[in-house]
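Student: Pasting a structure below so you can have a look.
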Amino acid sequence: MSGDLAARQAELVAALVAGGPLPPGFAPAPVEAARRALLRKRADDVARHWPLLAAGLGSAWPATFTTWADGRPTNGSLRDGWDLARDLRDRDALPPLGAEELAAREAASRYDGRRPPRPRRLPALARAGGAVAVQVAGRVRLLRPAPR
């Protein structure tokens, strides 16, 4: 019996956070409301880790994030923001503040999209959306801001 309960719980979690199908026996409207609320909470958490990205998108932040995150399981707020910033960069939709924040993060840490970011030990130069950041001895400086 506990295996069945665990399987049903896993199905419900998948429906709420990873775009899985609605398990039998659950009303669609309350599950959808909970799913949307979790996406909004997730957007708030990511904005705390990526304040310049969120500020750069302004009032479009919640919709931009929830559209991107809908159906994607979370990798944690820091990594979700990093993945979103890279996606926006690749689509030429990254705002200047977000470009500066992404360049600084890329200069400070290595992140391959699969494993958690790790601090860089050697000097590094990073570019994003026209912004250029450099990291030397653990300190990151923005050499060139993104064009406005």
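Student: Would you mind getting me the FRET efficiency between L143 and R86? Use the beta-carbon distance for r and R0 = 22 Å, nearest 0.05.
Tutor: Here the calculated transfer efficiency is 0.65.
Student: When N counts the residues of region 78-119, how does its alpha-carbon radius of gyration compare numerically with 2.2 N^0.38 Å, as a ratio? Don't skip to the end; give the middle numbers.
Tutor: On the way: Rg = 9.8 Å, N = 42, 2.2 N^0.38 = 9.1 Å.
Rounded to two decimals, the normalised Rg is 1.08.
Student: Once you treat every alpha carbon in the chain as an equal point and sum by Debye, what is log10 I(q)/I(0) at q = 0.11, 0.15, 0.21 Å⁻¹?
Tutor: The Cα Debye sum returns log10 ratios of -0.50, -0.78, -1.23.
Student: I've got another one for you. With a probe of 1.4 Å, find how much accessible area region 9-75 has per residue, and write the answer as a whole number in Å². Numbers along the way, then the final one.
Tutor: On the way: 3740 Å² over 67 residues.
Here the residues of region 9-75 average 56 Å² of exposed surface.
Student: Tell me the mean residue ellipticity at 222 nm calculated for the chain from its helices only (DSSP H runs of n ≥ 4, each -39500 (n - 2.57), averaged over every residue, nearest 500). Mind dumping the intermediate values first?
Tutor: Details: 6 runs with 81 residues, N = 148.
Helix-only estimate at 222 nm: -17500 deg cm²/dmol.
Student: For region 1-94, give the percent of accessible area contributed by carbon and sulfur heavy atoms, probe 1.4 Å, rounded to a whole number. Walk me through the intermediate numbers first.
Tutor: Working: 3180 of 5270 Å².
The nonpolar share, carbon plus sulfur, comes to 60 percent.
Student: With the chain treated as a Gaussian network of Cα nodes joined by springs under 10 Å, which of D83, D112, D70 yields the largest mean-square fluctuation?
Tutor: Maximum fluctuation in the GNM of the chain, among the listed residues, is at D112.
Student: Gain in length, L125 to L5, computed as 0.36 nm per residue apart minus the alpha-carbon separation, to one decimal in nm?
Tutor: Values: separation 120, 0.36 × 120 = 43.20 nm, distance 5.02 nm.
Full extension from L125 to L5 adds 38.2 nm.
Student: Moving on to the next point. Rounded, prolate or oblate: which one fits region 1-80, using the alpha carbon gyration tensor with axes a ≥ b ≥ c (rounded when a/c is under 1.5, else prolate when a/b beats b/c, else oblate)? Walk me through the numbers on the way to the answer.
Tutor: Numbers: a/c = 3.48, a/b = 2.17, b/c = 1.61.
The shape class here is prolate.
Student: For region 83-148, with every protein chain kept in place, what is the accessible area per residue (1.4 Å probe, Å²)? Provide the component values of the computation, followed by the final result.
Tutor: Values: 4050 Å² over 66 residues.
Computed with neighbouring chains in place, this is 61 Å² per residue.
Student: Report the residue, chosen from G81, G98, G113, that carries the largest GNM mean-square fluctuation when the chain is represented by alpha-carbon nodes joined by springs under 10 Å.
Tutor: Checking each option, the largest mean-square fluctuation is seen for G113.
Student: Is region 89-148 rounded, prolate or oblate when judged by the Cα gyration tensor, a ≥ b ≥ c being the square roots of its eigenvalues, rounded requiring a/c under 1.5 and prolate requiring a/b larger than b/c?
Tutor: Numbers: a/c = 2.87, a/b = 1.30, b/c = 2.20.
Note, shape of region 89-148 comes out oblate.
The values are calculated or read from the model by the stated rules, or taken from the named source; none is laboratory data. Because the structure is predicted, anything quoted here is derived from the model rather than measured. Virtual Cβ from ideal backbone geometry, glycine too; neighbours counted across all protein chains shown. Surface accessibility is based on the protein's heavy atoms, side chains included, excluding ligands, DNA and RNA. Shrake-Rupley method; radii C 1.70, N 1.55, O 1.52, S 1.80 Å.
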